[in-house]
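Student: Mind looking over this structure? Questions follow.
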Amino acid sequence: MHDVIIIGAGPAGLSAAFWCEELGLDTLVLEQAEQVGGQLHRVYNPIGNYLGLKTRNGRELLELFTKDVDEAEFDLWTEVSVASVDLKAKRIALHSGESLQAIALVIATGVRPRELGVPGEKEFIGKGMIESGTRDRHLFAGKDVCVVGGGDAAVENALLLAEVCPTVTLVHRGKRLRARRELAERLRSTHCITVFTESVITRIIGDEDHVEAVEVLRKQGLKPFQIAVRGVLIRIGVAPNTELFKEQLEMDEKGFVAVNSEQETSVPMVFAIGDVSNPLAPTISSATGAGATAAKVIANRLNVR
Ligand SMILES: Cc1cc2nc3c(=O)[nH]c(=O)nc-3n(C[C@H](O)[C@H](O)[C@H](O)COP(=O)(O)OP(=O)(O)OC[C@H]3O[C@@H](n4cnc5c(N)ncnc54)[C@H](O)[C@@H]3O)c2cc1C
């Protein structure tokens, strides 16, 4: 029996773990990936908005976050596969057969990129699917590309790719872009970018080795048409990793966990922190802050101080 089990070791889970340790709580952290850090592994751009620290990318910030992890007193298990969670009983079953229990559970499972769910999307990974404009644009320099989405991330990536690609086609399902005004204005004044609103990608097409085109369907159009591209980057938002907890606690319609100001969910002594419970302002600083809040509340409840 542990005081606290934290599921997920991104910025939120790591912050909660260090705080739990400081507050004298017996803590176990479960991470499904080989390494801790969550989305920080996918941040290739410089991070300049975490108070007091500027880093070249997410990995550099992660190194700072984890420099004391080897000496930490909390238990950290990586490559763990959780089979089921009984939130009321605070019991976790692992696929390895082990059963774990705690007084408090902390859900810090974060989010993952949403997928289009169209043919070709998975098949062309490594053959034309672009993971990051910052990281991959030199690979696509001189090639025509397509970006899917209409928010800040999609437009930022379209602008980055436009610096090196002859044409960038932005395909957005909605009527208007959701990106902030400054980005949308830059987009409009970048001549090599063509925007298709109220349009969806229905298929990504190519041969054995690479992407050759995307198939686009306009809302008013009767038939899809093809645009020749060599790269496709998808930024259509994120989905919370909450499948394990479905029907056990309150969530919004997209599956983000509802919490109160103490980060507690609708199940007593079950907390949710970071992006998984923060659809409005998902940032590293709010994730680490929420980790501190949850740990303090748990420590107060358990009277360990
Ligand atoms: C490209 C990019 C750029 C960004 N730039 C910035 C920026 O400049 N500034 C900023 O503040 N934020 C930025 N962010 C957002 C920031 O990375 C997130 O807000 C932050 O990582 C959220 O931390 P988290 O711990 O809540 O979730 P995550 O980082 O998503 O971590 C969740 C962890 O939980 C694990 N997990 C999931 N399910 C399970 C399970 N069932 N069992 C065990 N473990 C599980 C995952 O493997 C992962 O390690 C960026 C994100 C991206 C993708």
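Student: Looking only at the range 62-90, filter to residues that are assigned to a loop (DSSP other than H, G, I, E, B) and of a type in the set (Gly, Ala, Ser); which one of those is surrounded by the most Cβ atoms within 10 Å (Cβ to Cβ)?
Tutor: Per the stated criteria, the residue is Ala72.
Student: All but one of (1) in a strand (DSSP E or B); (2) within 17 Å of Leu159 (Cβ to Cβ); (3) open to solvent by 70 Å² or more (accessible area, probe 1.4 Å); (4) not aromatic (Phe, Trp, Tyr) hold for Glu212; state the number of the condition that does not hold.
Tutor: Unmet for Glu212, out of (1) in a strand (DSSP E or B); (2) within 17 Å of Leu159 (Cβ to Cβ); (3) open to solvent by 70 Å² or more (accessible area, probe 1.4 Å); (4) not aromatic (Phe, Trp, Tyr): (2).
Student: Do we find that Glu63 is over 30 Å from Glu163 (Cα atoms) and under 21 Å from the mean Cα position of the chain (by Cα) in this structure?
Tutor: Judged against the criteria, Glu63 is a match.
Student: Of everything in the range 94-111 that's more than 11 Å from the ligand (Cβ to nearest atom) and of a type in the set (A, V, I, L, M), which residue is farthest from Gly274 (Cα to Cα)?
Tutor: Leu100
Student: Looking only at the range 55-82, which residues are at pLDDT below 95 and within 11 Å of the ligand (Cβ to nearest atom)?
Tutor: Correct list: empty.
Student: Also, I was wondering about something else. Determine whether Lys122 is under 30 Å from Val147 (Cα atoms) and open to solvent by 30 Å² or more (accessible area, probe 1.4 Å).
Tutor: Against the criterion (under 30 Å from Val147 (Cα atoms) and open to solvent by 30 Å² or more (accessible area, probe 1.4 Å)), Lys122 qualifies.
Student: Please give the number of the condition Val106 fails out of (1) aliphatic (A, V, I, L, M); (2) more than 19 Å from the chain's Cα centre (by Cα); (3) open to solvent by less than 60 Å² (accessible area, probe 1.4 Å).
Tutor: (2)
Student: Then there is this: With the structure loaded, tell me whether Ala154 is open to solvent by less than 20 Å² (accessible area, probe 1.4 Å) and either in a helix (DSSP H, G or I) or under 14 Å from Val214 (Cα atoms) (or both) or whether it fails that test.
Tutor: yes
Student: Could you list all residues from the range 44-69 that are at positive phi and in contact with a Ser or Thr (Cβ under 7 Å, 6 or more places away or on another chain)?
Tutor: none
Student: Pairs please, first residue from the range 27-48 and more than 23 Å from Val4 (Cα to Cα) and part of a strand (DSSP E or B), second anywhere and of a type in the set (S, T, N, Q) and more than 6 Å from the ligand (Cβ to nearest atom), Cβ atoms under 6 Å, 6+ apart in sequence or on different chains.
Tutor: These pairs meet every condition: Ile47/Thr55.
Residue-by-condition table, conditions (1) of a type in the set (S, T, N, Q); (2) in contact with a helix residue (DSSP H, G or I) (Cβ under 7 Å, 6 or more places away or on another chain):
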{"residue": "Ile5", "(1), (2)": "no, no"}
{"residue": "Leu14", "(1), (2)": "no, yes"}
{"residue": "Leu23", "(1), (2)": "no, yes"}
{"residue": "Leu28", "(1), (2)": "no, no"}
{"residue": "His41", "(1), (2)": "no, yes"}
{"residue": "Asn49", "(1), (2)": "yes, no"}
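The values are calculated or read from the model by the stated rules, or taken from the named source; none is laboratory data. Everything numeric in this text was worked out from a predicted model, so none of it was measured. Positions of Cβ are generated from backbone atoms using ideal geometry, with glycine treated the same way; all protein chains shown enter the neighbour counts. SASA here: full protein model, heavy atoms, side chains in, ligands and nucleic acids out. Shrake-Rupley method; radii C 1.70, N 1.55, O 1.52, S 1.80 Å.
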